[in-house]
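Undergrad: One structure, as structure tokens, below. Some questions next.
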Amino acid sequence: MKAIIMAGGEGSRLRPLTCDRPKPMVPLINRPMMEHIVTLLKRYGLTEIGVTLQYLPEQIEHYFGDGQEFGVTMRYFIEDSPLGTAGSVKNSGSFLDETFMVISGDALTDFDLQKAIEFHRHKGGVATLVLTSVEKPLDYGVVIADAEGEITQFLEKPSWGEVFSDTVNTGIYILEPEVLAFIPDKTKFDFSQDLFPLLMANGYPLYGYIAEGYWCDIGNLQQYHQAHLDILRGDVQVDLRAHEISPGVYVGEDVIIEEGAIITGPVLIGSGVRIKSGARVESFSVIGPQTQVDTDASVKRGLCWRNAYLGPRTQIRGAILCNRVQVLQGTSLFEGVVVGDDTVLEENCTIKPNVKIWPHKRVASGSIVSESIIWGVKPVKSLFGFDGISGIVNLEITPELVAKLSVAYGSLMGEGCQIAVSSDDWKASRMLKDAAMAGLLSAGVRVYDLGVTVTPVTRQAVKQLDVKGGIHFQLSRENSTNTHIKFFDATGLDLTKGWERKIEQTYYREDFKRIKGLDVGETIRLTQYADSYSQGVLESIDQSVFATTRRKVLLAYPTPWLYTFLLPLLQQLNCEVITISAPEGEPLTLSALRERFDSVSEAVRKLGADIGVVMDANAEDLVLFDQQGRVIADDLFMALISTIVFRSRIGGTMVVPVTAPAVIEQIASMYQGYVLRTKTSPRAIMEALTVEDTSSVQYDPFILSFDAIASLTKILEFLASQEMELTELVNDIPSFYVHKREVDCSWGAKGAVMRRLIEETRDDEVELLDGVKVQHDQGWALVLPDSEKPIYRIYSEGLNAEMAEELTDIYAKRIKQYQIDLGK
């Protein structure tokens, strides 16, 4: 059997390790990653090897040559432009004239390939995917196979709501030559996204072999470092090509360890290394060939490549040093630091955690370096979460981060483009807005400064001003110490996940375009734009219906901006407005406002108000109170606006998330309406709401769902036009009973828990739109993994409150039991 090693990867997430070399040539235990793959193939008799190349191909060709030095024969196939995984293999042409194995040149594994080959031959299919189980399957292709091993479903890089198994595609395939006929020539074509679905569509069964052993897709710096720890720990079978001189201490040839040096295993010390007296090389460290560790230098969990120099009293703590790096006397490097080739760190420098220094730099003595020099990739959690970016102000979300993030965003948008920027009236939001504007201007962007405003105003401004995007800074809904950053596309919608990933990648790589000082952007101040928005709201409603109806509206705890904006707007709608002022001090989050709902209800009843209104600081969430003080929020509010949509337009459509109660469909059936359910993300709902042209629709579902100000005016308009009170409208909504619960679940167990749930509900009526929704005789339950926290959210609806709660309890117990079974 022949083998193909895919070795065209650039490895951008491993920078600066890959600045001057292709990813397969990055050293792993002092040898290129790809050499470990060649050794593995040879072990199982796969000695005829083809190699697909694209990025810096000459380095791989020069190192491996014809393969004879490694006991194999090798041929190379170079792509002029990226052809994708399958396209690159097709590019190998006539070489693949028999069954062949495809394997990545930049992963680490000790799988028994012979067992996979035997499985493939036994099944007799055209393709076998080698699979394995991982704790966090988000970054991989999730694969589901039946009991016979036939693949039934796979999904590339899913969200947590789409993780239905912890079994993933390792990128190792055993294929028959006939599959090549399905791959177009000289065309970008991928195995998982293109070829495998095509084969399945043409009736070819695909099989999945679940391999035992170690596998690591070394995709980022954390995984690279972890792979070394796993090897030294003995978790993976790798030939160290060194001899053990004491327990866990492995050394190459011609190593000099002076008397008084302290070596604590497990460590690997490469050939030609000299470790001087007083130096310490401690556990889980790798010292590359020809490196010198000077007197009193100390290395802990450090990775040094070849020909490095560690001067006297230097400290290496969890850092990675590339080839020929010089660390001079008294300099310290800490966890997560990566230093590129041929860099010199002069005396007494301190390189703070997670700093990246690109190749060929010189850091002056005494420097304290806390930010990456020129380029960098920081191994931290994703910036974007379920809904934008959130974090603690001045700790997780600093002005420096925001400025850099805005440079990344502006670089992607392009020099000379226009972007709108705004914030709510929280002073921290205003501070961060200023930082964002500086970053955008430095990228050559023209900034429209909308000043202090609310989210719906910014959304409309982005559309009306014909800008390329927008950013809004606002108080978190949950915590008064946290900020929330929202990015908008040119249509005013939240960014797609694809765009969020682009911004993150540019941010972490610091791959920014630096423009001349003469070409920086300019700021255009449009701080009165809210007046245009207000006029648009008034023009969208039939003001004549308010002439004969005067309503008493209780406006509770508005921010200063909302009070100034809403008071004249409501007065123009013939409303008598009574306000309950917000307390002095910290702004009220939506969570804090919820704690005051009882007080608002009491005030509505006591004052005889027709309607009570609570609105979050950014006018995205609207909560109403009827004359009885009843709270209309969340699911009940969704039912309310759905009723208005369906009553006002026979055959209308309402879009709701998969978590919405079934009463929405019940209401729709009364008016020949249609309900479209989507994933729970705001972007998914927004996209579905904007598919239909609603310019002529009196009650736009998008406005009612995402614009609290306009939604309030439209609800008042509807009530006035129908000559009815809010209480009457709410009373017309059929009763429904929902229950919600959160259950703790470690990140490492989430995928396995979801797989168990899928397996146990396979014979039930199940929906997999977002999470796992299971229908029961007494209602339904939805199990949805949270994308930002180590928890599962359980939603249920029952025929009565007790049944709804019982359903959530059933699945909460299941999730807890699954974790016990998994030992998590």
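Undergrad: Would you check if Val743 is touching a helix residue (DSSP H, G or I) at 6+ places or on another chain (Cβ under 6 Å), without any contact (Cβ under 8 Å) to a residue 60 or more places away in the chain and part of a strand (DSSP E or B)?
TA: Details: touching a helix residue (DSSP H, G or I) at 6+ places or on another chain (Cβ under 6 Å): yes; without any contact (Cβ under 8 Å) to a residue 60 or more places away in the chain: no; part of a strand (DSSP E or B): yes.
The answer is no for Val743.
Undergrad: Across the stretch 192-222, what is the number of residues that are part of a helix (DSSP H, G or I) and either surrounded by fewer than 18 Cβ atoms within 10 Å (Cβ to Cβ) or hydroxyl-bearing (Ser, Thr, Tyr) (or both)?
TA: Restricting attention to the stretch 192-222, the residues satisfying the condition of being part of a helix (DSSP H, G or I) are 192-201, 221-222.
When the remaining residues are screened for being either surrounded by fewer than 18 Cβ atoms within 10 Å (Cβ to Cβ) or hydroxyl-bearing (Ser, Thr, Tyr) (or both), the result is 192-193, 197-198, 200-201, 222.
Residues meeting the conditions: 7.
Undergrad: What pairs come up if the first residue lies in the stretch 133-150 and is more than 18 Å from Glu212 (Cβ to Cβ), the second is surrounded by fewer than 19 Cβ atoms within 10 Å (Cβ to Cβ) and at pLDDT 80 or above, and their beta carbons are under 6 Å apart, counting only those six or more places apart or on different chains?
TA: From residues that are more than 18 Å from Glu212 (Cβ to Cβ), the pairs are Ile144/Thr152; Ile144/Gln153; Asp146/Thr152; Glu150/Pro205.
Undergrad: Which members of the stretch 429-449 meet the condition of being closer than 22 Å to Asp616 by Cα, surrounded by fewer than 21 Cβ atoms within 10 Å (Cβ to Cβ) and of a type in the set (A, V, I, L, M, F, W, C)?
TA: Met431
Undergrad: Go through the stretch 148-191 residue by residue and tally those that are modelled with pLDDT under 90, open to solvent by 10 Å² or more (accessible area, probe 1.4 Å) and part of a helix (DSSP H, G or I).
TA: Matching residues across the stretch 148-191 total 1.
Undergrad: Hey, another quick one. Among the numbered criteria (1) under 22 Å from His484 (Cβ atoms); (2) in a helix (DSSP H, G or I); (3) open to solvent by 30 Å² or more (accessible area, probe 1.4 Å), which one does Ser599 miss?
TA: Going through (1) under 22 Å from His484 (Cβ atoms); (2) in a helix (DSSP H, G or I); (3) open to solvent by 30 Å² or more (accessible area, probe 1.4 Å) one by one, Ser599 breaks only (1).
Undergrad: Show the residue pairs that are 6+ apart or on different chains and have beta-carbon atoms under 8 Å apart, the first residue being within the stretch 441-454 and of a type in the set (D, E, K, R), the second being open to solvent by 40 Å² or more (accessible area, probe 1.4 Å) and in a loop (DSSP other than H, G, I, E, B).
TA: The qualifying pairs are Arg446/Gly416; Arg446/Glu522; Asp449/Leu526; Asp449/Thr527.
Undergrad: Could you say which residue among Ser480, Ser476 is at pLDDT below 95, open to solvent by 10 Å² or more (accessible area, probe 1.4 Å) and over 18 Å from Ala708 (Cβ atoms)? Spell out how you get there, then give the answer.
TA: Values: Ser476 fails: over 18 Å from Ala708 (Cβ atoms).
After ruling out the rest, the residue left standing is Ser480.
Undergrad: Okay, moving on. Open to solvent by 20 Å² or more (accessible area, probe 1.4 Å), closer than 23 Å to Arg306 by Cβ, modelled with pLDDT of 95 or more and among the hydroxyl-bearing types (Ser, Thr, Tyr), is that true of Tyr55? Even if it seems obvious, please write down each step before you answer.
TA: Numbers: open to solvent by 20 Å² or more (accessible area, probe 1.4 Å): yes; closer than 23 Å to Arg306 by Cβ: yes; modelled with pLDDT of 95 or more: no; among the hydroxyl-bearing types (Ser, Thr, Tyr): yes.
Here the answer is no, as Tyr55 does not meet what is asked.
Undergrad: Additional query: Somewhere in the stretch 438-455, is a residue closer than 21 Å to Pro587 by Cα, basic (Lys, Arg) and over 25 Å from the mean Cα position of the chain (by Cα)?
TA: no
Undergrad: Among the acidic types (Asp, Glu) and either at pLDDT 95 or above or at positive phi (or both): is that true of Glu48 in this structure?
TA: Details: among the acidic types (Asp, Glu): yes; either at pLDDT 95 or above or at positive phi (or both): yes.
Considered against the rule, which asks whether it is among the acidic types (Asp, Glu) and either at pLDDT 95 or above or at positive phi (or both), Glu48 comes out as yes.
Undergrad: Okay, moving on. I'd like to know if the stretch 705-724 contains one or more residues that are under 19 Å from Gly779 (Cα atoms) and of a type in the set (Lys, Arg). Show your work before the answer.
TA: Applying the first criterion (under 19 Å from Gly779 (Cα atoms)) to the stretch 705-724 yields none.
So far as the stretch 705-724 goes, no, none of its residues is under 19 Å from Gly779 (Cα atoms) and of a type in the set (Lys, Arg).
Undergrad: Sticking with this structure for a sec: Checking Lys714 against (1) of a type outside the set (Gly, Ala, Ser); (2) in a helix (DSSP H, G or I); (3) surrounded by fewer than 21 Cβ atoms within 10 Å (Cβ to Cβ); (4) touching a Phe, Trp or Tyr at 6+ places or on another chain (Cβ under 9 Å), which single condition isn't satisfied?
TA: Condition (3) is where Lys714 drops out.
Undergrad: Quick one: is Leu303 at pLDDT below 95 and hydrophobic (A, V, I, L, M, F, W, C)? Before the answer, list the steps.
TA: Details: at pLDDT below 95: no; hydrophobic (A, V, I, L, M, F, W, C): yes.
So Leu303 does not fit the description; no.
Undergrad: Every residue in the stretch 507-530 that is among the small types (Gly, Ala, Ser) and crowded, with 18+ Cβ neighbours inside 10 Å, please.
TA: Narrowing the stretch 507-530 to residues among the small types (Gly, Ala, Ser): 517, 521, 530.
Passing the criteria: Gly521, Ala530.
Undergrad: Moving to a separate point now. Take the conditions in a loop (DSSP other than H, G, I, E, B) and either open to solvent by 20 Å² or more (accessible area, probe 1.4 Å) or out of contact with any helix residue (DSSP H, G or I) (no Cβ under 8 Å at 6 or more places or on another chain) (or both) and apply them to Gln627. Does it pass?
TA: On the way: in a loop (DSSP other than H, G, I, E, B): yes; either open to solvent by 20 Å² or more (accessible area, probe 1.4 Å) or out of contact with any helix residue (DSSP H, G or I) (no Cβ under 8 Å at 6 or more places or on another chain) (or both): yes.
Considered against the rule, which asks whether it is in a loop (DSSP other than H, G, I, E, B) and either open to solvent by 20 Å² or more (accessible area, probe 1.4 Å) or out of contact with any helix residue (DSSP H, G or I) (no Cβ under 8 Å at 6 or more places or on another chain) (or both), Gln627 comes out as yes.
Undergrad: Given the condition closer than 30 Å to Thr589 by Cβ and surrounded by fewer than 15 Cβ atoms within 10 Å (Cβ to Cβ), answer yes or no: does some residue in the stretch 461-468 qualify? Let's see the steps before the verdict.
TA: So the first thing to find is which residues in the stretch 461-468 are closer than 30 Å to Thr589 by Cβ, and the list is 461-465, 467.
If we keep only those that are surrounded by fewer than 15 Cβ atoms within 10 Å (Cβ to Cβ) as well, we get 464.
For the stretch 461-468, residues closer than 30 Å to Thr589 by Cβ and surrounded by fewer than 15 Cβ atoms within 10 Å (Cβ to Cβ): present.
The values are calculated or read from the model by the stated rules, or taken from the named source; none is laboratory data. All of these numbers come straight from a predicted model, not from anything done at the bench. Cβ atoms come from the backbone with ideal geometry, glycine included; neighbour counts cover every protein chain shown. These area figures cover heavy atoms from the full protein model, side chains too; ligands, DNA and RNA do not enter into them. Shrake-Rupley method; radii C 1.70, N 1.55, O 1.52, S 1.80 Å.
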